[in-house]
Amino acid sequence: MSAMILNAEFRCLHCRQLVSTNHLLSGVQNRNHCPYCLWSRHLDLAQAGDRLSACKAPMRPLGLTVKRSPRRYRSFYSGELMLIHQCIECGKLSINRIAADDFAVSLLEIFESSHRLDAVTRRSLEGCGILPLQTADQTVVHAQLFGKFEGLV
């Protein structure tokens, strides 16, 4: 049984690539997004990994954010870098852990395209307490993806 779970795969609904759910490759326990195009599938209802959503529709990547820490004096930027997804059918917004095998170039493209989100989407994100990273956060994104990055202003 565990060998089957370790070697489970799914086909991305967006780019049709075969994606491994092996946590040894991805570094995450509940893989539901593609490491190539970063699209996801609306699987979870109340919490990560519950797989209780009836929707099952594709979720498009909107941008990047930082998971807030429960620690009172911790900086916003010292949290974990997360993907923001929105279901294309029901509109649910969620944040998802970036996996170790996610393509860094795709993450940077999503980060850059998020600067052009429309006002309605921005208000929806704000209403859910999700703060997308902005152009001024480029150094933070590079540091979290690649380590310390000199040369960015």
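The values are calculated or read from the model by the stated rules, or taken from the named source; none is laboratory data. Keep in mind that what you see is a predicted model, and the values were worked out from it rather than measured. Here the Cβ is made from the backbone with ideal geometry for all residues, glycine too, and neighbour counts use every protein chain on show.
General observations
- Selection within segment 72-93: residues that are hydroxyl-bearing (Ser, Thr, Tyr) and either in a strand (DSSP E or B) or closer than 15 Å to VAL140 by Cα (or both). The member of this set that is modelled with the highest pLDDT is SER78.
- The set of residues in segment 43-61 that are basic (Lys, Arg) and in a loop (DSSP other than H, G, I, E, B) comprises ARG51, LYS56.
Condition check ((1) farther than 22 Å from GLU9 by Cβ; (2) among the hydrophobic types (A, V, I, L, M, F, W, C)) across all residues:
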site	(1), (2)
ASN30	no, no
LEU38	no, yes
GLN47	yes, no
LEU81	yes, yes
HIS85	no, no
ASN96	no, no
ASP118	yes, no
ARG123	yes, no
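- Hits in segment 114-136 (condition: part of a helix (DSSP H, G or I), charged (D, E, K, R) and over 20 Å from ARG68 (Cα atoms)): ARG116
- Residue satisfying all of: in segment 18-47; polar (S, T, N, Q) and surrounded by 13 or more Cβ atoms within 10 Å (Cβ to Cβ); modelled with the highest pLDDT among these: SER40
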